[in-house]
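Asks: Before I ask anything, here is the structure I am working with.
The values are calculated or read from the model by the stated rules, or taken from the named source; none is laboratory data. Bear in mind the structure is a predicted one, so any value in this text is a computation, not a measurement. Here the Cβ is made from the backbone with ideal geometry for all residues, glycine too, and neighbour counts use every protein chain on show.
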Amino acid sequence: MRRPLVFVHGIFGSIYVPTLVGKAWGFGPAGYIYDSFINNLKTLGYTEGKNLFICYYEWWKDIPECVNTLMSKINEAKIKNNCDKVDVACHSMGGLLLRSYVQGDFYRNDVDKIIFLSSPHYGAANAYYAWEGGAVPPDNDEDFLNILLRGFIWAIGKIKGEKDELMIIRKYIPSIKCLLPTHEYGNYVFKYPIKNNKILFKNILYMKEQNDFLNELNYSIDRLYERANEIYVFSGNGIYTNKFIQVTESDDDIVWPDGRAVGVVRDDKGDGTVLIKSALGVNGNQHVLDAGHGGILNASIPDLKEIFGVEEAPKVSLFEKITSFVNILTDSKVIVLDRGQKLKKYNIFGKVNWYMSFNEEGEYHFSSPDFSIRSIMIHTNKGFTVKTLKPSGRYRNSRIDLFVDKNGNFDIKR
């Protein structure tokens, strides 16, 4: 009998909407990469709520704070299937959450197969930008994690009444610190001038901001090997990934305490977010696929077919490559008219509306039903801006028109 499967998403992977009976969870904007993966798992014979369970969790918190949520989901899967163990597939940061459970003091010996899909076991350089400077990492315009990072920074700041992006991250998204490079990653921050024809790297052991969580997890890695029955480790490959960060000195202990990022060195041995070295940072059956950080999900399906012992070849659906996008965030009072009806709408924590569309041109109109001043975040692959809706007169509400072409170029008119 096949064991039930629990899927654990990565950072930015879920949202909830408050209801009268509790929180209604879903993937939210991250459904762009996760929806098709769940559908592909169903072609392998899994049925959500029966032998497939999605662990939505509060990814913005410190990872150890989310362990109880994972334990509850595993327990639900065991009860519904009358079994004592489950298989777990984890994407990105979800793998660190699973490790925190399996390597922790409250592990109940109830996980059999573990599948890590691009989990940053040695951390990722991109986390440096967000945690140290409140900045979005430099990357390709279509990088999906950057899209989510920028959107959630704005949304959480709007909800909490906080404008400083670094403070938003430090106070409300501490999980990003859990993704900083570890000691195993090695020295990754450097500065000029070059001394004796060598670049001067900062010793990671003496950096001010340390990933204590993941360093400790890696120090006790033997617990994972002792407690897991089978481990499968997947990494993406062939996409330039931030590896080393060039900095200038900073005399600020809060903003860029280990140096202000001014340049980056990339390596194509990665998935655009996580280097192969980091994704394969735990021992197991290794699979390196030509895929990006989100694409690894669906690219892994043929291998998962073998791992789970499925005889029939699954029909794999893929999400469309991002060539352009439009991201619009407003508070819940702003009215958005989409002439082409191509925007997908998500309610973020019952406070903010998030509209998203990929590879489409469009014409959008924003207005406010009252005379309050409201802000709108507009983000495409060609730029980012925040606009304010202001009443245009005593008896007239405000309005903004947005035009986006198929390449992501946009024009705003009032």
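Asks: Condition test on VAL282, is it surrounded by 15 or more Cβ atoms within 10 Å (Cβ to Cβ) and within 18 Å of ALA130 (Cα to Cα)?
Replies: Details: surrounded by 15 or more Cβ atoms within 10 Å (Cβ to Cβ): yes; within 18 Å of ALA130 (Cα to Cα): no.
Judged against the criteria, VAL282 is not a match.
Asks: So how many residues does segment 49-63 have that are under 16 Å from ILE156 (Cα atoms) and β-branched (Val, Ile, Thr)?
Replies: 0
Asks: What tally of residues in segment 207-266 results from selecting those that are closer than 21 Å to PRO137 by Cβ and assigned to a strand (DSSP E or B)? Break it down into steps so the answer makes sense when it comes.
Replies: The first filter runs over segment 207-266 and keeps only residues closer than 21 Å to PRO137 by Cβ, leaving 207-211, 213-214, 235-250, 252, 254-266.
If we keep only those that are assigned to a strand (DSSP E or B) as well, we get 235-236, 239, 241-248, 260-266.
Looking only at that region, the number is 18.
Asks: OK, next. Considering each residue of segment 39-81, count those that are more than 27 Å from ILE173 (Cα to Cα), surrounded by 15 or more Cβ atoms within 10 Å (Cβ to Cβ) and among the β-branched types (Val, Ile, Thr), and give that number.
Replies: 1
Asks: Please go through segment 70-93 and pick out each residue that is closer than 20 Å to PHE27 by Cβ and either under 18 Å from the mean Cα position of the chain (by Cα) or part of a strand (DSSP E or B) (or both). Steps first, please.
Replies: As a first pass, look at segment 70-93 and keep what is closer than 20 Å to PHE27 by Cβ: 70, 72-74, 76-77, 88-93.
Residues satisfying the conditions are LEU70, VAL88, ALA89, CYS90, HIS91, SER92, MET93.
Asks: Filter segment 292-307 down to the residues that are over 13 Å from ILE33 (Cβ atoms) and not β-branched (Val, Ile, Thr), then identify the one that is surrounded by the most Cβ atoms within 10 Å (Cβ to Cβ).
Replies: Step by step, filter segment 292-307, then rank; the result is LEU304.
Asks: Please work out which residue is modelled with the lowest pLDDT, limiting yourself to segment 325-380 and to residues that are touching a Pro at 6+ places or on another chain (Cβ under 6 Å) and not in a strand (DSSP E or B).
Replies: PHE371
Asks: What residue, of ALA124, ALA130, ALA155, is assigned to a loop (DSSP other than H, G, I, E, B) and touching a Leu at 6+ places or on another chain (Cβ under 8 Å)? Steps first, please.
Replies: Details: ALA130 fails: assigned to a loop (DSSP other than H, G, I, E, B); ALA155 fails: assigned to a loop (DSSP other than H, G, I, E, B).
Answer to the selection: ALA124.
Asks: Sticking with this one: More than 19 Å from the chain's Cα centre (by Cα) and at pLDDT 95 or above: is that true of GLU249 in this structure?
Replies: On the way: more than 19 Å from the chain's Cα centre (by Cα): yes; at pLDDT 95 or above: no.
So GLU249 does not fit the description; no.
Asks: If you don't mind, another one. Since SER220 meets every condition but one in (1) at pLDDT 95 or above; (2) surrounded by 13 or more Cβ atoms within 10 Å (Cβ to Cβ), which condition does it not meet?
Replies: (2)
Asks: I'd like the residue in segment 363-390 that is among the small types (Gly, Ala, Ser) and within 19 Å of ARG150 (Cβ to Cβ) and, out of all such residues, is surrounded by the most Cβ atoms within 10 Å (Cβ to Cβ). Don't jump to the end; show me each part of the working.
Replies: Filtering segment 363-390 down to residues among the small types (Gly, Ala, Ser) leaves 367-368, 372, 375, 383.
Subsequent filtering for residues that are within 19 Å of ARG150 (Cβ to Cβ) retains 375, 383.
Working: SER375: 14, GLY383: 11.
This residue is SER375.
Asks: I'd like the full set of residues that are assigned to a helix (DSSP H, G or I) and more than 17 Å from ALA127 (Cα to Cα), limited to segment 267-306. Explain how you work it out, then say what you get.
Replies: The first filter runs over segment 267-306 and keeps only residues assigned to a helix (DSSP H, G or I), leaving 276-279, 296-299, 301-306.
ILE296, LEU297, ASN298, ALA299, ILE301, PRO302, ASP303, LEU304, LYS305, GLU306, listed by residue number.
Asks: Looking at segment 24-47, I want the residues that are on the phi < 0 side of the Ramachandran plot and have a partner that is surrounded by fewer than 17 Cβ atoms within 10 Å (Cβ to Cβ) and assigned to a helix (DSSP H, G or I) with Cβ atoms under 8 Å, at least 6 apart or on another chain. Which pairs are those?
Replies: The qualifying pairs are PHE27/ASP35.
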